1. What longest region of the chain stays clear of GluC sites (Glu not before Pro) that DSSP places outside H, G, I, E and B and that have at most 10 other Cβ atoms within 10 Å?
2. Let me check against my output: what whole-number percent is the relative contact order of the chain, with C-alpha pairs under 8 Å and at least 6 apart?
3. Tell me, Kirkwood radius of the chain from alpha-carbon pair distances, in Å?
4. Size of the dipole of the chain about the Cα centre, Lys and Arg at +1 and Asp and Glu at -1 on the beta carbon, nothing else charged, in debye to 20?
5. Cβ under 11 Å from Gly152's Cβ, Gly152 left aside: what net charge do those residues give with Lys, Arg +1 and Asp, Glu -1?
6. Per the Kirkwood formula on distinct C-alpha pairs, the Rh of region 1-114 is how many angstrom?
7. Over region 14-59, what is the mean sequence separation of C-alpha contacts under 8 Å (at least six apart), divided by residue count, expressed as relative contact order in percent?
8. Name the helices (complete DSSP H segments) of the chain with a Cα length along the long axis of 15 Å or more and a Kyte-Doolittle mean of at least -0.5, or state none.
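Only the coordinates and a few stated rules stand behind these numbers; no lab work does. Just so we're clear, the structure is a prediction, and the values are computed from it rather than from any experiment. Reconstructed Cβ throughout: ideal geometry from the backbone, glycine too, with neighbour counts over all protein chains shown.
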Amino acid sequence: MASPIVGGLCDQATVEKRVESGAAPDWVGAHWNTFRDGLLGERNESPFPCYFGVESVANGDPLYTAVPSLSDADALLDLGRTILEYLEVYEDHSDRASLVTFFKPPRGELTEAEYHDALWHVLQFLHVHDPEPWPEEIPTDPDDPHWEFSFGGEPMFPTCRAPFYDTRKSRYCPIGLEITFQPRRLFENMDVTADTEAGQRARDVIQDRLEDYDGVCPHADLGDWGVEGDREWPQYMLSENDDQAPDDCPINISREHPKSDALRGGRNSRSPHV
């Protein structure tokens, strides 16, 4: 893929090549090296817990983008355009092609609470500018076990890594915020949803590896979509300190559509990036 990494969509081979040649910004290279080493390395003599993620990175399956700001409107509009492009191509690219998103680190150190705020600002911004209506089958109330963040008409699981994790190193990224977007269709295509035998086996394996890797019990908020008592939204950015994490899901979802026309014209109006 010939797109730029910042503000564009790239395959893994392109990211590797540009980082190695020095063509990518330093912060993108730092993100990539940390991501690769984290997924393919070991901790406490245990591999990274999500073996689907390990295999996908080892095989070069994911697609990547980088965002130069956590809050700039143009940067987040570019992210929205990139996600829409990703949704059009990921199934043809690979059956394990998640979208790994690297955010430029802020100038100063952020608290855990500020990273939670940043995540939900990004997701709220995407929802407000979503060119497609909220899926009919997905509730708008995050306190419903069948709620899931959706964009471009696609329910998806955005999972985060960030610098504030001291114990849960499987969620640790020393550079800045990192969000991996995984459409529900990706899990369905692999037959590893919670209602399948393969999905339950995968969950058991991942939970065992998670405890070995992190050295602590799996987080109490981990669960499965659609299971009564489990909720999706706290799993996107697991809390390290409960006092720093939101008690209620900080996003406002409505079926009012469209809320904005900014992304309804495709990529024609996007600004260039190096």
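1. In the chain, the maximal stretch lacking such sites is 138-227.
2. Numbers: 469 pairs, mean separation 61.9, N = 274.
Once normalised by length, the contact order is 23 percent.
3. Working: mean 1/r = 0.0526 Å⁻¹.
By the Kirkwood definition, the hydrodynamic radius is 19.0 Å.
4. Details: 23 positive and 53 negative charges, 253 e Å.
Using Cβ point charges on Lys, Arg, Asp and Glu, the chain gives about 1220 debye.
5. Details: positive: Arg81; negative: Glu85, Glu88, Asp130, Glu132, Glu154.
Neighbourhood net charge equals -4.
6. Numbers: mean 1/r = 0.0670 Å⁻¹.
So the Kirkwood estimate lands at 14.9 Å.
7. Details: 24 pairs, mean separation 11.2, N = 46.
Computed value for region 14-59: 24 percent relative contact order.
8. Working: long enough: 26-40 (21 Å, -0.34); 73-93 (30 Å, -0.05); 112-128 (24 Å, 0.02); 197-214 (25 Å, -1.51).
Those that pass (Cα extent of 15 Å or more, hydropathy at least -0.5) are 26-40, 73-93, 112-128.
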